[in-house]
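First comes the structure, then the notes that go with it.
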Amino acid sequence: MRLVRFCSSVLTLALTIACSSATEPVPVSLEGTWVAATETASPSGWYQRSLTFDGNGTFASGFRVYGVYNWQRSDELSAYQRTEGTYNVEGDRLVFHASRLVWWDRYYGDQSPEQISEPYPYGTIFDDARYELNGRQLTIRFTVYPADAPETAVLVFNQSH
């Protein structure tokens, strides 16, 4: 009798699973700030990248460098660069439209002014970008041109709290 009840329960569970409707995927949002792991700078110091997406279709791609000058502590900001603009999501593609570059470098003095280049002076960023969201992790694959042929580069970001 136990075997009959067990088989009946398993059959009911199997039918329930087979007949249930597929769960609709939860829409994912890129909104917020995403931060990559720190990386070592050469010959000294370190840097970190970030990406911020706003709900209004704007983005900021940041790059902050620490401790690269020999007179600095390793936790002191040496320079930063921020590319700003708009973005579109087309399936798994991210299309960036950079409009300005903001930067500062301690090399020119602690009180040196922030520099702004508008329009963005370098064309595009993250060429042919494809993205993948896995929980709180954002992976972007894009094309770079380091030599004669294009290569794929990968950046991995974690969602900031």
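The values are calculated or read from the model by the stated rules, or taken from the named source; none is laboratory data. It should be emphasised that the depicted structure is a prediction, and the values quoted were computed from it without experimental measurement. Note that each Cβ is placed from the backbone with ideal geometry, even for glycine, and that neighbours are counted across all protein chains shown. Side chains are part of the model used for accessible areas, which takes the heavy atoms of the whole protein and leaves out ligands, DNA and RNA. Shrake-Rupley method; radii C 1.70, N 1.55, O 1.52, S 1.80 Å.
Couple of notes before you dig in:
- Annotation: peptides 108-121, 42-55, ranked by per-residue average of other Cβ atoms within 10 Å with the highest first, follow the order 42-55, 108-121.
- Segment Trp103-Gln137, length gained on full extension (0.36 nm per residue, minus Cα span): 9.6 nm
- Loop-located trypsin sites (Lys or Arg not before Pro) in the stretch 71-161, at most 14 other Cβ atoms within 10 Å (DSSP): Arg73, Arg136
- Seen from Val68, the other residues with C-beta closer than 13 Å to its C-beta sum to a net charge of -1, counting Lys and Arg as +1 and Asp and Glu as -1.
- With DNA, RNA and ligands ignored, accessible area of Val156 (1.4 Å probe; Å², nearest 10): 60 Å²
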